[in-house]
Structure formats: structure tokens, C-alpha cells
Amino acid sequence: MKQAAKAPGRKEVSKESIRTFNNVTVPQAELDDMKRRIAATRFPEKETVNDTSQGVPLATVEAIAHYWGTSYDWRKVETKLNAYPNYITEIDGLDIHFIHVRSKNKNALPIIITHGWPGSIIHQLKLIEPLTIPAAHGGTAADAFDVVIPSIPGYGFSGKPITNGWGPERIARAWVILMKRLGYKKFLAQGGDWGAIITEIMAAQSPNDVLGIHTNMAGAVPPEIDAAAFSGAPAPSGLSAEELEAYERLSFTYKNVYYAYYMGSRPQTLVGLTDSPVGLAVFMMDFEPRYRALISRTFSGIPEGITRDDFLDNATLFWLTNTAVSAARLYWENKVPFFRPKGITIPVAVSVFPDELYEPPRNWAAHAYPNLIYYNKVCKGGHFANWEQPALFTEELRKAFRSLRKQAE
Amino acid sequence: MRTMEKTSSTTAPAIASGEEIRDFKVNKAPQAELDELKRRILATRWPEKEPVDDQTQGVPLATMKALADYWATEYDWRKVEAKLNSYPNFITNVDGLDIHFIHVRSKHPNALPLLVTHGWPGSIIEQLKIIGPLTDPTAYGGNAEDAFDVVIPSIPGYGYSEKPSTTGWGPSRIAYAWVTLMKRIGYEKFFAQGGDWGGLITDIMAVQSPDNILGMATNFPCTVPIEINNAAFGGAPAPDGLSEEEKKAYDQLVFSYKHVSYALIMGSRPQTLLATADSPVGLATIFLDHDQRSLTLISRIFAGHTEGLTRDDVLDNITLCWLTNTAVSGYRIYWENKHAFVAPLGVNVPVVVSAFPDELYQAPRTWAEKAYPKMIYYKKHNKGGHFAAWEQPELLVNDIRAGFKSIR
């Protein structure tokens with residue numbers, strides 16, 4: 001990996017300097033304590049159903065705890081993370097951590113990729129080589145990107161806000177400052193989950209800085225349809241079959257994200273998550289039913305896309321950085337409806353994965369994004385498509401921005 | 001306290017059918033379990049302080065640290081065991097599940113039977129303060145003719161009752177079980193009282209079994225007209241035509257609905273809240289945050305301003321839940337429930353309503369009269385909250401005495 005051009009020497013201590021951060025090493029005592037806690041987990045009784053309608057089944061929880069407590073190796077993650085150029089810089093009063101990998105290809109386009117909840121930079125690692133060294137990963141030099149992967153405030157190695165106000169708008173503004181500080185006057189942006197919302201808000205707030213965005217969780221639901229789905233009303237009349245399916249998925253989603261309402265109103269009450277590693281992992285796993293089903297299969301021996309280590313790398317990062325509550329706080333800060341159009345006029349590329357919270361129909365996307373440059377329904381993948389289907393996801397990003405590259409030439 | 005006449009002390013356990021009424025003593029918790037609880041409290045891994053100076057993000061870190069400090073260093077569970085065992089406790093199997101209850105008969109011959117049901121996050125601990133005044137009124141400022149025989153059961157999945165291992169134990173089934181329980185004790189007809197889930201279970205019992213319920217009392221009245229309830233749930237502006245009192249109740253409801261997302265997650269993902277089975281302080285935090293006014297009250301207590309509840313009151317209840325590992329089984333009633341919490345259910349027996357100002361909403365008399373056509377008593381209090389029996393036992397006992405006087 002190359003070092004970033006602006007990586008400072010040790011003597012430069014301006015707050016706004018970009019400091020290298022390349023030695024993630026957790027004290028052994030903390031790992032021992034985590035293991036002790038996992039082994040000492042006090043479980044509830046088995047659920048009273050034979051399905052997942054009451055949440056994560058006890059047997060799955062026990063399988064996670066067993067693997068985590070006996071076989072899992074965090075040190076591998078440290079090695080992996082430390083192999084990338086990591087940095088920290090202070091923006092708007094807060095330390096922001098990010099990975100920054102430049103491509104060797106001269107025509108590489110800069111892209112900032114933002115994770116969501118319950119996510120972290122761990123979700124994006126599989127994309128780094130395919131995007132920065134495309135020729136070695138099924139692409140051509142013409143597809144190269146310079147990649148910036150920040151940790152959202154309150155997540156991973158970024159600082160935890162000690163005052164309120166760090167909602168998606170402020171994060172989006174901080175990202176523009178970050179990219180400029182790295183020397184990128186104009187750049188692309190990508191995201192899913194909170195990352196999609198931050199990316200879309202950034203596109204709306206800073207259209208002169210953002211060349212184009214790619215989203216795998218499009219905010220494309222017409223407001224009146226979103227309101228109906230939120231309230232659980234029957235589908236409005238006049239929807240096409242595809243729109244109707246999207247509506248029903250959305251209605252279902254709103255009934256399955258009560259954790260989001262809870263975090264949005266009482267983040268500080270979730271102390272159990274900072275005190276119980278298995279409790280944290282289970283809470284993170286129950287993000288939504290399809291994801292939960294995927295992870296459940298993984299822990300019953302049928303891995304597909306996300307491995308046991310993938311899942312636990314992310315959960316362990318949350319645990320070791322003690323960010324369960326600080327991460328939940330983003331829901332409290334947010335005032336923006338998740339799925340409604342955000343007034344974006346710059347070029348937008350949309351990838352629709354079948355197991356996403358809903359599949360936005362092309363006509364909704366075209367309406368939400370007047371400058372829709374790419375729309376594709378992908379055959380496989382869910383909410384964390386970059387993590388689960390990185391090859392498909394990489395191909396989406398390459399295709400998504402090809403037309404913009406031509407314009408740039 | 002007298003022991004009850006119908007205990008099965010003559011029945012050898014070997015031939016137990018399950019339906020006999022067995023004496024129950026709270027076993028001393030093994031010291032190792034109390035030590036482990038203390039170890040976990042002291043080892044709590046904390047989040048950072050909330051970035052606000054109020055309670056809008058939930059229970060402030062300082063409150064939880066004060067609670068944890070007291071819990072780990074001064075709190076004494078053994079006192080609770082002694083207190084519980086000073087009452088006659090029993091277990092009997094109803095509808096396939098072992099149900100624990102306290103049963104105290106009054107020495108007064110005209111005493112009427114009264115079933116009192118707790119809610120979440122509650123237990124029999126909430127009701128202990130009213131046992132003496134209800135069963136022995138002459139010792140507590142009342143008259144002999146105010147006497148009740150009191151039955152205080154633990155809801156399935158709570159405290160010393162059994163945890164259901166199959167689905168179906170919602171409020172309706174619990175209400176049927178309570179009638180079976182009372183008949184088994186020998187009470188064909190009886191009074192019933194409750195708050196929170198206990199309020200809903202009592203209302204449902206009155207609807208399902210009107211011939212068995214002489215009258216009911218509630219401090220969590222189900223009185224909100226359905227269209228008003230729907231509007232409040234959706235956060236809509238107040239409907240036209242509400243009186244000032246109704247408007248205030250409406251605003252309280254809107255606020256409450258915005259602050260009970262714990263009920264939604266317990267109702268859909270009880271099993272996913274495992275952290276609270278594994279972390280005593282995590283459990284305590286979720287218990288403190290039942291509603292904003294309760295949180296305010298309990299926060300003041302841990303800041304040194306005792307009123308209504310003491311630190312021990314609060315921790316007795318939480319420790320009982322911890323030691324019985326009933327956090328998740330306690331949430332599951334939300335998953336089982338299919339009823340609106342505060343909408344009228346069609347109760348047609350005599351009803352006594354206690355409306356406390358710091359309840360999720362203070363039921364206006366107008367709504368209560370409509371919801372309960374046979375309302376025989378209504379009292380609007382100027383102090384007290386969601387846990388009336390626990391926090392304002394005298395006021396609640398006065399309502400029960402005065403309320404049922406006319407139908408004795």
C-alpha cells in the first residue's frame with residue numbers, strides 16, 4: 001500500500017494535520033476480559049416458538065458465543081487493518097478515522113465510501129483491492145478508484161461526539177472537508193444504510209464538490225407512499241406490481257426496525273450492549289429478518305457471503321471500541337426520513353439488491369433522482385451487499401461511474 | 001399472618017397432581033449467585049456520558065453509576081427474602097404452568113377477596129406495601145369493614161411463577177388462569193385490581209368472567225376512545241372537540257407513545273434483548289426507563305431525594321428479576337399481547353378508577369364514564385405515577401376501600 005501523499009511527519013501537530021494511524025493493537029487484557037465475559041454469558045431460556053419470530057433463537061446465540069469465545073482470533077483483524085494506510089484527522093472538533101488507499105492508475109477517481117449501522121470500516125475492506133487495483137480483480141485499469149473509507153463519528157476508531165449535533169448533515173459536511181483536505185476537489189461518494197443517507201445528503205448539500213453518487217439503499221420512496229407504509233396502511237391504489245412489492249417490503253420493514261426507534265429515542269438506556277458482548281452481537285445481528293437469516297445460516301454451517309469471522313470482526317470492533325451506545329446515538333440525532341427523496345440534482349447511480357429493505361422500482365428512482373445515470377437490479381445480495389457480494393458490488397461501482405469517466409475525459 | 005386453610009400440607013409431594021396448592025418459601029439465593037451479581041455490577045463496562053444535560057437520550061450515566069454503586073456496596077437482598085417469607089407464599093399449577101402467589105387472609109370475618117396483579121417492569125415486590133393496610137385495616141387507619149383477603153400472583157414468566165415454554169400466555173389466558181386460581185383457593189366471586197399489565201389483565205378478566213368479578217379497580221384505566229387512541233399513536237394533532245382535561249390527557253398519550261419504543265421491541269424481538277439477561281446494570285437501566293415520569297422519579301431517588309420509592313424498593317424489584325433470570329420471559333408478554341394498551345375493552349362490572357397525574361395519561365372522568373358504564377368511583381389524584389401500589393400505597397388503598405364500599 002502506498003502512503004497518502006499528505007501523510008505528515010511526526011512533528012506536525014496541527015489539529016487539522018493528517019496523522020498516520022497504523023498500529024491497531026488491543027491490550028491482551030481487554031481480549032481476555034471479552035473472552036471471559038463471553039464464557040460467562042448468562043443466557044435466557046429458549047424462545048417459545050420454533051422460528052425467529054421472537055428474535056434471534058437461543059441456539060444461534062449459543063453457537064455465536066461458542067465460536068467467539070473459543071476459536072475466534074481478533075489479532076488477524078488487527079493485522080489486516082494495519083496493512084492498510086489508516087489515518088486520523090480532526091474535523092469540526094472531532095477526530096475522524098479513515099482508510100485511504102490510492103490507486104496506481106493515473107485516471108483513478110476518488111471515492112468516499114460510508115458504512116452504516118450496525119457496520120464499520122470492516123464492511124468495506126473487501127472492496128479496497130478490487131477498486132484500487134482493478135486489473136488484478138477482473139477489471140481494467142480504466143476502472144480504478146482512489147478509496148477513502150471513514151469511520152462515522154461514534155463508530156470504530158473515530159472520536160465519540162461529546163456534544164449533540166452530529167447527525168447525517170454534519171457528518172456529510174465533515175466528509176467534504178475530509179476529501180478536500182486529502183486534495184480531492186471533486187469526488188464520488190457511495191454508501192448503504194446510514195452511509196447512503198449521509199451520501200445523499202452530501203450530494204444535496206455540496207453539489208459542486210460531489211461528481212456523482214452511488215447508493216445501494218436508495219431514498220426513492222414518494223413521500224405519500226412512505227407515510228402510508230410507515231403507518232401500516234393498506235397499499236395506495238394505482239401501484240404497479242413492482243411498486244406494490246416495494247410498498248409491501250417497506251411496510252414489513254417499518255414493523256421490523258423497532259430497534260431503530262428505540263435507539264432513536266433512548267440510546268443511553270442500552271447500557272446492556274456495552275456490558276454484554278453476546279448481547280451486543282445478538283442486537284447487531286437482528287438488524288432485519290433477511291440479514292438475521294443469512295447470519296443464522298452462517299453459524300449453522302452454511303456460510304454464504306458473510307463468514308463467521310466477518311460477522312464477529314465487526315461485532316468485536318464495536319465491543320473493543322465500546323461504541324454500542326455512541327453508534328446508536330446517530331439514530332437519536334437523525335431528523336431525516338430514511339427512504340424519502342432528498343432533492344439531489346447531481347448524477348446518481350442506483351444498485352438494487354434483492355434482499356435490501358426494499359427494492360426501489362426504476363420509475364421511483366428516476367423520479368427521486370432527475371439525473372439518474374445508472375440503475376440496475378442485481379441478482380443476489382442484501383443490505384450489506386459490499387460485505388456480502390463484493391465482486392458483484394465492485395462490478396456495480398465500475399459500471400455505475402463509467403459514463404462520468406467518459407465525460408471527465 | 002395466618003396460613004391459608006386450603007394448603008396441601010397433608011398431600012405428599014410424591015402424589016402431587018400439580019393442582020394442589022403447595023406452600024412456597026423463597027429459598028435463600030446461594031451466596032455464590034449474590035457474589036456473582038456483585039461481581040458483574042462492579043465489572044460493568046460503561047458507555048460514555050450522554051452528550052445532553054437532560055434525560056432525552058434515556059437514563060443518564062450518572063444515575064446508573066449511582067445505582068450501581070449502591071447496588072454493589074450497600075444493597076442487601078437477604079432482607080427481601082426475609083420480607084417475602086414473612087408472607088404466606090404458595091404455588092399451584094394452573095393450565096399447565098406453576099403459578100406463584102402470596103395469599104393473606106384478613107382476621108376480619110367480613111373480609112372480601114381481592115386479587116392484585118402487577119405489570120412490567122414489576123413483580124409482587126410492587127404490591128407488598130398494600131398487604132397490611134388491606135388485610136389488617138384497623139392497624140392502618142381503616143375500619144374492620146374495609147378488610148380484604150389479598151391474593152397477589154406473579155405473572156407467568158415473572159418472579160417465582162414458571163416461565164412458559166410454549167406460546168399463548170397473553171393477558172387473556174392469564175386472566176382465565178387467575179379466575180381458576182381464585183376458585184381453587186375457594187373464592188367463587190372476588191374483586192380484582194391492577195396497574196400496567198395488571199390493569200389490562202384485570203380489565204380482560206372483567207370482560208371474560210363477569211360472573212366471577214364482583215368489581216374491579218384500576219390505576220391504569222383503559223378508557224381512551226379508539227379513534228383518539230389511534231390519532232395519539234400516530235402522533236396526530238389533537239382531534240377537535242376535546243375538553244381542556246381531555247386535551248391534556250391526549251397530549252400525555254402522544255408523548256407516552258413516542259417514549260415506549262421498548263414496548264415495540266419487546267413485542268417483536270424479546271429474545272434479542274439478551275443483553276439484559278447478561279448484564280445486571282443493563283437490566284436495571286431498561287427497568288428505570290419505563291416512562292419519562294418514572295425515570296424522573298427514580299433518578300431523583302438515586303440523587304438522594306427519596307419520595308414514594310426508596311433505592312431499596314427499586315433494587316428489590318430489579319434484583320428479583322435478575323436472580324430469577326426473567327428479563328426475557330418478562331418481555332415476552334408484549335409479544336403475546338394483541339390488545340391496545342389503553343382502549344376500552346367493554347367492561348360491564350362495577351369499576352373503581354384511580355387516575356394518577358404521572359401515569360402514562362391521566363384518565364379524564366368523561367372517558368372513564370364511557371369506557372366503564374358501571375363506574376362506581378373515580379378519583380383524580382394530584383400526586384403519584386405509574387406504580388401506584390408501590391409509590392403511593394396509602395392513596396391507592398384509600399381508593400380501593402372507598403371504591404368498593406358501596407358494593408360490599
Practice prompt. For the stretch B:326-358, enumerate the residues that are more than 14 Å from chain A (Cβ to nearest Cβ), under 23 Å from residue B:159 (Cβ atoms) and either crowded, with 23+ Cβ neighbours inside 10 Å or among the hydrophobic types (A, V, I, L, M, F, W, C) (or both).
Written response: B:341
Worksheet item: Are there any pairs, at least 6 apart or on different chains, whose C-beta atoms fall under 7 Å, with the first in the stretch B:266-278 and more than 7 Å from chain A (Cβ to nearest Cβ) and assigned to a helix (DSSP H, G or I) and the second buried (at least 24 other Cβ atoms within 10 Å of the Cβ) and not hydrophobic (A, V, I, L, M, F, W, C), and if so, which?
Response: B:266/B:331; B:273/B:331
Worksheet entry | Residue that is closer than 21 Å to residue B:363 by Cα and among the polar types (S, T, N, Q), where the choices are B:271, B:208, B:252 | B:252
Practice prompt. From the list B:172, B:154, pick out the single residue that is modelled with pLDDT of 95 or more, touching a His at 6+ places or on another chain (Cβ under 7 Å) and away from chain A (no Cβ under 14 Å).
Written response: B:154
Item to complete: Determine which single condition residue A:241 fails, assuming it passes every other condition in (1) modelled with pLDDT of 95 or more; (2) touching an Asp or Glu at 6+ places or on another chain (Cβ under 7 Å).
Response: (2)
Practice prompt. Go through the stretch A:251-361 and tell me which helices (runs of 4 or more DSSP H), entirely inside it, have 2 or more residues that are more than 14 Å from chain B (Cβ to nearest Cβ).
Written response: A:289-299, A:308-321
Discussion item. I'd like the residue in the stretch A:44-82 that is within 11 Å of chain B (Cβ to nearest Cβ) and acidic (Asp, Glu) and, out of all such residues, is surrounded by the fewest Cβ atoms within 10 Å (Cβ to Cβ).
Written reply: A:51
Discussion item. Within the stretch A:35-50, does at least one residue satisfy the condition of being within 22 Å of the chain's Cα centre (by Cα) and basic (Lys, Arg)?
Written reply: no
Worksheet, complete the sentence: Note on the stretch A:360-383: residues aliphatic (A, V, I, L, M), without any contact (Cβ under 8 Å) to a residue 40 or more places away in the chain and out of contact with any helix residue (DSSP H, G or I) (no Cβ under 6 Å at 6 or more places or on another chain) are A:366
Discussion item. Restricting to the stretch A:211-260, name every residue that is among the aliphatic types (A, V, I, L, M), over 28 Å from residue A:328 (Cβ atoms) and touching a strand residue (DSSP E or B) at 6+ places or on another chain (Cβ under 7 Å).
Written reply: A:211
Worksheet item: Taking interchain pairs and intrachain pairs at least six residues apart, which have beta carbon atoms under 7 angstrom, with the first residue in the stretch B:355-373 and farther than 15 Å from residue B:253 by Cβ and the second of a type in the set (Ser, Thr, Tyr) and surrounded by 15 or more Cβ atoms within 10 Å (Cβ to Cβ)?
Response: B:365/B:378
Practice prompt. Test residue B:263 against the stated conditions and say whether it is farther than 30 Å from residue A:34 by Cβ, within 14 Å of chain A (Cβ to nearest Cβ) and of a type in the set (Gly, Ala, Ser).
Written response: yes
Worksheet, complete the sentence: Over the stretch B:170-217, the set of residues under 22 Å from residue B:373 (Cβ atoms), surrounded by fewer than 24 Cβ atoms within 10 Å (Cβ to Cβ) and among the charged types (D, E, K, R) is B:189, B:211
Worksheet item: In this structure, is residue B:309 under 28 Å from residue B:35 (Cα atoms), among the aliphatic types (A, V, I, L, M) and either touching a residue at least 60 places away in the same chain (Cβ under 8 Å) or more than 14 Å from chain A (Cβ to nearest Cβ) (or both)?
Response: yes
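The values are calculated or read from the model by the stated rules, or taken from the named source; none is laboratory data. Model, not experiment: these values are computed from the prediction. A quick note on method: Cβ atoms are made from the backbone with ideal geometry, for glycine too, and the neighbour counts reach across all protein chains shown.
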